[in-house]
1. Note down, for region 109-255, the three equivalent ellipsoid semi-axes (square root of 5 times each alpha carbon gyration tensor eigenvalue), biggest first, whole angstrom.
2. Considering only C-alpha atoms, what is the centroid distance from region 75-120 to region 191-247, in Å?
3. How many percent of the accessible area of region 119-223 is carbon or sulfur, using a 1.4 Å probe?
4. What is the sum of charges, Lys and Arg at +1 and Asp and Glu at -1, for the other residues whose Cβ falls under 9 Å from the Cβ of A125?
5. Taking Cα atoms of region 168-274, Rg/Rh with Kirkwood Rh, to two decimals?
6. Please report the equivalent ellipsoid semi-axes of region 71-134, computed as sqrt(5 x eigenvalue) of the Cα gyration tensor, largest first, in whole Å.
7. Note down the net charge around L199, summing +1 for each Lys or Arg and -1 for each Asp or Glu among other residues with Cβ under 12 Å from its Cβ.
8. Per 0.36 nm of contour for each residue apart, how much would the distance between D38 and H264 grow if the chain were fully extended, relative to their Cα-Cα spacing?
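The values are calculated or read from the model by the stated rules, or taken from the named source; none is laboratory data. Just so it is clear, the model here is predicted, and its values are computed rather than measured. Note: ideal-geometry Cβ built from the backbone for every residue, glycine included; neighbour counts use all protein chains shown. Only protein heavy atoms, including side chains, enter the accessible area calculation; ligands, DNA and RNA are left aside. Shrake-Rupley method; radii C 1.70, N 1.55, O 1.52, S 1.80 Å.
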Amino acid sequence: MPVIRPRIRLRRSRMGASAFAPPQATNDRLRDLERLRDNPGNLVGRYYVPATVQTPAPLVVVLHGCTQNAAVYDHGSGWSTLADRHGFILLFPEQQRANNPLLCFNWFDGRDSRRELGEAASIRAMIEAMKAKHAIDPRRIFVTGLSAGGAMTSVMLATYPETFAAGAILAGVAYGCAGSVGEAFDCMAGRATSGTTDLAGEVRRASPHEGPWPRVQVWQGSADPTVVPSNADAIVRQWTALHGLAPEPDRIDRVAGHPRRAWHGPDGAALIEHVSVTGMGHGVPLASGGAEPVGAAGAHMLDVGLSSTEQIAAFFGLAGEGAARTRTEPPAPPPRRAAPQAAAGPQEAIERALRAAGLLR
C-alpha cells in the first residue's frame, strides 16, 4: 500500500518495490456516475445496479487498493456477483492518477481524511448522489475496502459514522494512525504507537456524532508483509473502545479453519468481528471455485477457500452465512479464570483458547 502524492518525491516501499501488481484484464460491469458538482477529492464514481433489487435497496460502498481500479476490484472480489444474487446496489469510488500516481486513496493526508474535506467528502457526495438517483435505504449503507481502500474505509467510518450501519476493513489501518507519508509507512509496518483511549478519541474527534457507532468487521492475513497484523489489532481496539466493549472477545471460533474473534451487543448481534486468515499475505481472501464462484483469483485476490466477500455481506445482513462456501466451526467455551500471567499478544491468545477447546493442536 504505497502512499504517495505527485508533489512528494517517490520512495520505494520498505516492504518491497511495490505493494501491488499491475491491474489484470477484466470484464467491466460498472457504469459511470454522473459528474458531481461537489467533488473536492477529484474522484471518479462507478456503480452497479442489478436487474432485480430490494426496495428500498441497501448500498455497499467498495474501495479498491493501490494500482487497482473499480472494475478490477469488482471482478476479483465478486461484489457485483453477490449484488445480482441478493439485490443490493454498489458504489465504487475510484482514484485518479492526478491525485496519486499509484491510484492509492490518500487516507493518511488530512486534506483527504477529514470530514467535509477532499476524498472523504467526495465519497460522501457520491453516496448522496446515489440516494438521489436510486431508492436507497438510508439505514442500510455499508462500506468496505482493501489496503489503501481499507484505510479509507476507516476514514469514512470515523468521519461520517452516522452514514454507515457497518463497515469491513481488509488489510487496513486504524483511523488517525498516520498524518504523513513517513507516518503511513510506520503505521503499515506496525511501528505506530497509540493506546486504546487515543485510538477511540481519534474517531470521536473526527465528527460531531456521539453514537450509536457502526458495526465493524476486520480481515487480516497473518503473513501480510505490507500491512502487518498488529494493524488489525489496533482497529479492533479502536472500535471495541467506542462501543464500550471489553478488550477480550466473548466468542472465539473458526471460519473455514481460520481464527475468528467476535464481540456482541446486548441483543446478541456481533458488533465487532476479527478474522485472521492463517498464512495469507496481502490481499482479499476468496473461495473462487465451485459451481457458483464469487470473485476470481489474481493479483492480491487470494483463493484461500474462504470468501471474505460472502462473509462481509452476511455481516452486513445482506446475505446468509454462506455455509455452502465456508465452514464455521463451533465456538470455544469461555476460558477458565487462571492466575495472572505475562500478557500474550492477540494472536497468541486466540491460539491458546482454540488449543484449550481442542480446535487447534
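1. The three semi-axes for region 109-255 are 24, 18, 15 Å.
2. That distance is 20 Å.
3. The nonpolar share, carbon plus sulfur, comes to 48 percent.
4. Overall, the nearby charge balance is 0.
5. 0.97
6. They are 24, 17, 9 Å, listed from largest to smallest.
7. 0
8. Gain on stretching D38 to H264: 77.5 nm.
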